Amino acid sequence: MAANPVVTMETSMGTITAELWPDKAPKTVENFLTYVDEKFYDGLIFHRVIDGFMIQGGGFTPEMSQKRGHAPVVNEASAEALNDRGTLAMARTSDIHSATCQFFINLVDNDFLNHTNKTPQGFGYCVFGKVTDGLDVIDKIAKVRTSTRGMHENVPAQPVKIVSVRKTK
């Protein structure tokens, strides 16, 4: 059996390594790796940081211009892949199947984001991997000072850049 893919995310605050789970979310992992292969995330930021909840990135430049992603991927949220501390999940709107390029890393166990059923209220957020090294980095990012920029809340006052994301295995 092939090993799970691993990505290394270089940020302005340190390195985060994550193992992806194609057995739990095959279309989501394929979608994420497409963006990685295209170097889509290079130079973007973590644009939403909420200590005690999550850090979100993958969609905005340091100037808060939104970068357009590909077509949405089907939401593969399941009760087997939980929004626990250190897991990566796809960000989306209230539309269940609206995730494109934005992702978040859970800072704590966020049970209320888990899949419980196939209703709009219970579908949840698709988890597709887990940080294997760099939990200290996500905790450091969680502590940055945030402000409101335009209609966006919880934006780091000093941009936290995603320098690069590369598949390392």
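What follows is calculated from the coordinates using simple rules that are stated; it is not laboratory data. Just so it is clear, the model here is predicted, and its values are computed rather than measured. Please note: Cβ atoms are built from the backbone with ideal geometry, for glycine as well, and neighbour counts cover all protein chains shown.
Below is a table of values for the structure above.
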{"quantity": "Single condition Asp23 does not satisfy, out of (1) buried (at least 19 other Cβ atoms within 10 Å of the Cβ); (2) more than 26 Å from Val155 (Cβ to Cβ)", "calculated": "(1)"}
{"quantity": "Test for Asp136: is it in contact with a Lys or Arg (Cβ under 9 Å, 6 or more places away or on another chain) and of a type outside the set (A, V, I, L, M)", "calculated": "no"}
{"quantity": "Output for region 132-159, where each listed residue is among the hydroxyl-bearing types (Ser, Thr, Tyr) and either under 23 Å from Thr17 (Cα atoms) or touching a residue at least 60 places away in the same chain (Cβ under 8 Å) (or both)", "calculated": "Thr132, Thr146"}
{"quantity": "Lone qualifier among Arg85, Arg92 - being among the basic types (Lys, Arg) and buried (at least 19 other Cβ atoms within 10 Å of the Cβ)", "calculated": "Arg92"}
{"quantity": "Top-ranked residue of region 65-82 - restricted to ones that are touching a His at 6+ places or on another chain (Cβ under 8 Å) and under 25 Å from Asp42 (Cα atoms), ranked as surrounded by the fewest Cβ atoms within 10 Å (Cβ to Cβ)", "calculated": "Val74"}
{"quantity": "Boolean, Gly129 is in contact with a Leu (Cβ under 8 Å, 6 or more places away or on another chain), part of a loop (DSSP other than H, G, I, E, B) and either over 15 Å from Phe32 (Cβ atoms) or in contact (Cβ under 8 Å) with a residue 60 or more places away in the chain (or both)", "calculated": "no"}
{"quantity": "Region 132-169: number of residues that are under 19 Å from the mean Cα position of the chain (by Cα) and part of a strand (DSSP E or B)", "calculated": "15"}
